[in-house]
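Asker: Submitted below is the structure of interest, expressed as structure tokens.
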């Protein structure tokens, strides 16, 4: 990753990033499909997608549950230009400034990037609240459990095991004809593959980052 947050396009260098997608306004399933189409239209390659999860709102509970998904992308854009592209897509899809943790048609966050961490006034990578948010960790763990946090020095798998967030996460149901492995992407199945105990009596060991700049819902 360019440590200045600039653009690698002139050199044609492609970098990997992991994005978090979320929606709870309008037609959330269609919004998640639309944001992937818009990313591709910007020349961004979508390499992998997690299952879609239905997630309990964090903070402001008086709103519809979210649909969330994580995707791995490749792009010649540096972090700052990727952030500008994400904001452009959010605005085009009707995202407006509102109360923190409030409803929105789309949320497009940079969760993780290839290379060292980045901290600027506008952007922090990895996302500053990634280790506090089960909905983000469980979707990211579905596609990249062995990613190592450059500051906490723990894998996504370990962060999911230790995260204190007790909010509920459910895999979005799809038709049986489209589901090759009905249980593989469920929260329980993902946690089981990662060696995590589930249920109300599991031991929690918080290991969470403090709040920082750039965050949507979380």
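Every number here is computed from the coordinates shown, using simple stated rules; none is lab data. This one's a predicted model, so the numbers in the text were calculated from it and none came from an experiment. Note that each Cβ is placed from the backbone with ideal geometry, even for glycine, and that neighbours are counted across all protein chains shown.
Asker: Full-extension gain between residue 49 and residue 148, please, as 0.36 nm times their residue separation minus the C-alpha to C-alpha distance.
Answerer: Length gained between residue 49 and residue 148: 33.8 nm.
Asker: How big is the stretch 70-142 by the Kirkwood estimate over distinct Cα pairs, in Å?
Answerer: Averaging 1/r across every pair of different Cα atoms and inverting gives 13.5 Å.
Asker: What distance in nm lies between label points placed 7 Å from Cα along the C-beta direction at residue 42 and residue 172?
Answerer: Each label point is offset 7 Å from its Cα along the Cβ direction, giving 1.9 nm.
Asker: Two decimals is fine: what's Rg over Rh for the stretch 9-193, C-alpha atoms, Kirkwood radius as Rh?
Answerer: Ratio value, two decimals: 0.94.
Asker: At 0.36 nm per residue, minus the direct Cα-Cα distance, what do residue 30 and residue 101 gain on full extension? Give it in nm, one decimal, please.
Answerer: That pair, residue 30 and residue 101, stretches by 23.5 nm at full extension.
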